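Presented below is the structure to which this report refers.
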Amino acid sequence: MNSSLDSTDTGQTPLHLTSGHWLWRSTTRPWSLLINKRSIVVNATLTLILLACALSSLALGTLSITIPDVILALQGKGTTMHTFVLEELRGPRLLAGALAGASFALAGCLMQTLARNRLATPGIIGIDNAATAFAVASVVGVGISAAPHTMALVGAAVATALAFGLAGATGTRGYRFIIAGLAIGAVSGAITQVMLSSVALDDANAAYPWTVGSLNARAPAAVNALIIGLIVGYTLSLFLNRALITLQLPEPVTASLGTRSGRVRVAGLILSVLLTGLAVSVAGPVGLIALLGPELARTISRPGSIPLTASALSGAILMVLSDLAGRLVFSPLEIPVGIIAALAGSPYLLWILLHKSPDINR
Amino acid sequence: MNQFMTMSKINSPRAPLAAQSLMMSHGPHTIIPHLDIELRTGEVTAIVGPNGCGKSTLLNGLARIHKPRQGTIVLDGADIHTLPARDVARKLALLPQDNSAPEGLTVTDLIRFGRHPHQSWLSQWSEDDERAVRKALTAADVGDLANRPLDTLSGGQRQRAWIAMSIAQETQLLLLDEPTSALDLGHQIEVFELIRTLASQGNTTKSSPPM
Amino acid sequence: MPNPLFVAKSLLISLVLAATFTNAAAHADTRIVQTAYGPVSIEGIPKRVVTLYEGALDAAIASGINPVGAIITRGGSDVAEYIQPKAKGVGIVGTPGETNIEAVIALKPDLILASAQLAKEQYNLLSRIAPTIVPNFPAFTPTTWKQETRLFTEALGRAETGRKVISGVENKIAEVAKLVDTKLGPNQRETALIRWMPQGPLVMSEGLFSASLLEATGFNVNSGGIVKEGRPHSHPLSQENLGLIDHQWVFLATLNADGDAALDAARESQAFQRLKANRADQVVTVNGQLWTSASGPLAATEILNDIANTIDNVAADR
Ligand SMILES: Nc1ncnc2c1ncn2[C@@H]1O[C@H](COP(=O)(O)OP(=O)(O)OP(=O)(O)O)[C@@H](O)[C@H]1O
Ligand SMILES: [Mg+2]
């Protein structure tokens, strides 16, 4: 061991401290960027996969359109029927699905990181359920008569505030918060059921997409809100990323490195809830995407990074694929995307519960 | 509470870190009823006491991680709780007793965390960062382990990696909570020597060694 | 965001679509029908009709038109059993709650008949595929089905047949009413209409299509005050409250095998066995697809047959 620190000479140890990164340093200013190569590769790959899924989603359905025809139609040279199907039916639906999926998964990644717990996703801690309960209340005409998608957002916020209140604070390990959220989720689910069983059948049917998660019930206003929310939420979460990275270390170290973990948690939580509420207002409670997306992203990302972008991309891919499957399996009848996601996601959730530590770092 | 704490107490007008009338508690339990302490640069202060006497609690208090019930902690003349977190992190580093890191993280990855308070969006890897990390790798004798994932290291090797992270933070005050607990005798001595060297180069190092 | 370019484009698309999807052979016979979304003009006799409502399918078939597409009945996997023999080969394009618009396009319809509940967004899309008829009559009145049948048959260019079909049903009602009158005393006619779901029973409202036929034939449908004002379809009934519908008659419908199983289990219960109607053997099981989901002249005829048979059987027992 060399205890004379001054003798440390960079020339003597040709060690690559930034291996796996691209380094850029400005020669005139004290600026430098360190870009993780793996994340570039991962995100580029996921983007290509998403594009492929999007193209398949545009091409496949009750009416099949060949990929060349899809491309022609996208260039504005397609037949009127193809243009109608792509512009009016599949395009908006694809957009809504991809955005909602990205939003769910980004929210999940944020919340898992904040709580240091991979089970702490908005769906599991009841935010989806509460958003659904509020939306259903609005559909079946109980209480305030705001639009369902607005009510979904309100529901998400109320649930979080309640979970916060019941848990005392976010808590380091997030367990109290998760338990409080579970309770709120259960109560919200029960309230939804009570509302559905005590109203006219047609009202209950109208509320059905809200309870399972479907891309059929989307309102254009909700999609617009989601677009803005996702842009803002994604940007802000990138700014939060530097602080989020330190949250992976033990709490005292996080603080010692100058991260105000309390503030970061609150900011991240608000973003997460906002993203979830907006996504539920478009697609209903497809909460498992918030668990699956980040999980997938984490397994392919560099250890120690917070895969915000990769989570969003994975979530979008999973959502688009689930919706596509739901449209094709029993065509012409559709299986709501939420049911497909639950069918595909539940075994994975079980596997996590049985084989993985809930600790996000393990 | 049974208190067996000894510390070398030096009164100095220019102590960068000082606690006055400090009272620390966990919930209803008062762990430290009243304590005045000053720490100066260039010195090593050891806090010695039996398990559970409040060594970790004190360090957490000094590093403003655990808010004191009463009293003030002054860092460079200002109440530590009024200073921006980043400024504090550039002057004062704490290495807790038990640590865990994300799975798959390498030694270098971990040490780079120490540079966090010196970095920003526009300065993600400066020459200073590079130099500090190299220095820390050598100082803690983990150069050979630089690219190894932490989970593949022995307990002592891992502990040295964590010490290296704190060293890379390049603070004038270093609070190490039982930094040698998992080390073999040879490395224990080396870490104490390292601490002394760091102190002589201008850091105040404060550690609570196991005894 | 109604930007002019977008509007122009949409208009263009709908014009071209209309030209593509409708058999635009210029017919002198152009009708304008009043719908919930304003007047809609239809030319000639539609050849490819898609119905998104059970009542529309019924009216179309009753007037001699075989639709190319329809939705499944509630709780089923095909059109309602009573109409299946007459609707052979019809393409399925969705459920009562959800229309698969792509499936509608695939059938290249020249007329779409929808229910009064069709949402505006759906209408906007469907009406670009083919003229779309959405009725706009007060729901759950005894005359709703007639008004709807008139509208649909008019749109189909079969107004005359429609009128005949309706008066046929009216005659049948009078016939069955006479039968009821001869067989049942005035205070032997109190009845409840229940649908048994896997979750439990639903009391159907007095305004429901089949209930209005029961009323028209002389029965006195009483939902025990359970179906609330403004909730005109049905209301769940807990099994403890079965007493509320303890009338002389109970018409009991199930939608599918799950409902049958639930009903069989419930029959064993004390509460069920205590019912007046049960003790008098006047619990009449009927097909829920027909009795609680369908509407239209063919459904009316089938329901009236059920009522007539019931009365005949009861009288024979005595
Ligand atoms: N989070 C906590 N909540 C309640 N009591 C605590 C908490 N942390 C520590 N204590 C109590 O405070 C006292 C001091 O604990 P502390 O960890 O500071 O001891 P220590 O001197 O560092 O001991 P060791 O040598 O074992 O590390 C102990 O009695 C402990 O039980
Ligand atoms: Mg301790």
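The values are calculated or read from the model by the stated rules, or taken from the named source; none is laboratory data. Since we're looking at a predicted model, the values are computed, not measured. Note that each Cβ is placed from the backbone with ideal geometry, even for glycine, and that neighbours are counted across all protein chains shown. Note: accessible area is taken over every heavy atom of the protein model, side chains too, but ligands, DNA and RNA are not part of it. Shrake-Rupley method; radii C 1.70, N 1.55, O 1.52, S 1.80 Å.
Details
- Matching residues in the range C:109-118 - criterion: being more than 9 Å from chain A (Cβ to nearest Cβ) and of a type outside the set (Asp, Glu): C:PRO109, C:LEU111, C:ILE112, C:LEU113, C:ALA114, C:SER115, C:ALA116, C:LEU118
- Test result for B:ILE37, assigned to a strand (DSSP E or B), within 16 Å of ligand 2 (Cβ to nearest atom) and more than 14 Å from chain A (Cβ to nearest Cβ): no
- Residue list for the range A:124-137, restricted to those being open to solvent by 20 Å² or more (accessible area, probe 1.4 Å) and more than 17 Å from A:TYR175 (Cβ to Cβ): A:ASN129, A:PHE134
- Listed conditions (1) within 8 Å of another protein chain (Cβ to nearest Cβ); (2) touching a helix residue (DSSP H, G or I) at 6+ places or on another chain (Cβ under 7 Å) are all met by B:GLN157, apart from (1).
- In the set B:ALA101, B:ALA18, B:ALA93, B:ALA89, only one residue is more than 13 Å from ligand 1 (Cβ to nearest atom), assigned to a loop (DSSP other than H, G, I, E, B) and within 19 Å of the chain's Cα centre (by Cα); that residue is B:ALA101.
- Single residue of the range B:151-172 satisfying the filter (more than 23 Å from B:PRO84 (Cα to Cα) and not in a helix (DSSP H, G or I)) that is most open to solvent (accessible area, probe 1.4 Å): B:SER154
- Here B:ILE47, B:ILE65 are screened, and the one residue that is touching a Lys or Arg at 6+ places or on another chain (Cβ under 8 Å), within 20 Å of B:LEU176 (Cα to Cα) and surrounded by 17 or more Cβ atoms within 10 Å (Cβ to Cβ) is B:ILE47.
- Residue match in the range A:313-334 (condition: outside any loop (DSSP other than H, G, I, E, B), open to solvent by less than 10 Å² (accessible area, probe 1.4 Å) and of a type in the set (S, T, N, Q)): yes
- Single residue of C:LEU126, C:LEU156 found to be within 14 Å of chain A (Cβ to nearest Cβ) and in contact with a Leu (Cβ under 9 Å, 6 or more places away or on another chain): C:LEU126
- Condition check for A:SER357: within 26 Å of A:LEU244 (Cβ to Cβ), open to solvent by 20 Å² or more (accessible area, probe 1.4 Å) and of a type outside the set (A, V, I, L, M): yes
- Residue check for B:ASP109: away from ligand 2 (no atom under 16 Å from the Cβ), open to solvent by 10 Å² or more (accessible area, probe 1.4 Å), within 7 Å of chain A (Cβ to nearest Cβ) and charged (D, E, K, R): yes
- One residue stands out among those in the range C:67-90 that are at the interface with chain A (Cβ under 9 Å from one of its Cβ atoms) and either of a type in the set (D, E, K, R) or open to solvent by 20 Å² or more (accessible area, probe 1.4 Å) (or both): the one that is nearest to C:LEU304 (Cα to Cα), which is C:ARG74.
- Filter result for A:ALA98 (touching a residue at least 60 places away in the same chain (Cβ under 8 Å), closer than 24 Å to A:LEU46 by Cα and either open to solvent by less than 10 Å² (accessible area, probe 1.4 Å) or not basic (Lys, Arg) (or both)): yes
- Residues (surrounded by 15 or more Cβ atoms within 10 Å (Cβ to Cβ) and at pLDDT below 90) located in the range B:1-37: B:MET5, B:MET7, B:ALA15, B:PRO16
- Within the range A:25-41, the residues that satisfy the criterion of being within 31 Å of the chain's Cα centre (by Cα) and more than 8 Å from chain B (Cβ to nearest Cβ) are A:ILE35, A:ASN36, A:LYS37, A:ARG38, A:SER39, A:ILE40, A:VAL41.
- Being modelled with pLDDT of 85 or more, farther than 14 Å from B:LEU92 by Cβ and open to solvent by 10 Å² or more (accessible area, probe 1.4 Å) is a condition met by no residue of the range B:199-208.
- Annotation: of all residues in the range A:178-213 being hydroxyl-bearing (Ser, Thr, Tyr) and closer than 18 Å to A:PRO122 by Cβ, the one that is nearest to the other protein chains (Cβ to nearest Cβ) is A:THR211.
- If you filter the range A:243-275 down to residues that are open to solvent by 20 Å² or more (accessible area, probe 1.4 Å) and under 19 Å from the mean Cα position of the chain (by Cα), you find that the one that is nearest to A:VAL232 (Cα to Cα) is A:LEU274.
- Among the residues of the range B:173-191, just one is among the polar types (S, T, N, Q) and more than 16 Å from ligand 2 (Cβ to nearest atom), namely B:GLN188.
- Scanning the range A:233-274 for residues that are of a type in the set (S, T, N, Q) and facing chain B (nearest Cβ under 8 Å) turns up A:THR246, A:GLN248, A:SER256, A:THR259.
- Answer residue from the range A:335-362, given it is assigned to a loop (DSSP other than H, G, I, E, B) and under 28 Å from C:ILE105 (Cβ atoms) and is farthest from the other protein chains (Cβ to nearest Cβ) among those: A:ILE335
- Consider the range B:125-145 and keep the residues that are buried (at least 22 other Cβ atoms within 10 Å of the Cβ) and assigned to a loop (DSSP other than H, G, I, E, B). The one that is modelled with the highest pLDDT is B:VAL142.
- When B:ARG148 is tested against the conditions (1) touching a strand residue (DSSP E or B) at 6+ places or on another chain (Cβ under 9 Å); (2) crowded, with 22+ Cβ neighbours inside 10 Å, the lone failure is (2).
- The set of residues from the range C:187-201 being open to solvent by 20 Å² or more (accessible area, probe 1.4 Å), within 12 Å of chain A (Cβ to nearest Cβ) and either assigned to a strand (DSSP E or B) or among the aromatic types (Phe, Trp, Tyr) (or both) comprises just one member, C:MET197.
- Within the span defined as the range B:52-60, one or more residues are assigned to a helix (DSSP H, G or I), among the basic types (Lys, Arg), within 16 Å of ligand 2 (Cβ to nearest atom) and touching a residue at least 60 places away in the same chain (Cβ under 8 Å).
- Conditions (1) among the β-branched types (Val, Ile, Thr); (2) more than 13 Å from ligand 1 (Cβ to nearest atom); (3) not in a helix (DSSP H, G or I); number of the one not met by B:THR108: (3)
- Only residues that are away from chain A (no Cβ under 14 Å) and either under 15 Å from the mean Cα position of the chain (by Cα) or more than 6 Å from ligand 1 (Cβ to nearest atom) (or both) were counted in the range B:47-63, giving 3.
- Among the residues listed as C:VAL68, C:VAL90, C:VAL79, the single one being under 20 Å from the mean Cα position of the chain (by Cα), within 17 Å of C:ALA155 (Cβ to Cβ) and of a type in the set (A, V, I, L, M, F, W, C): C:VAL68
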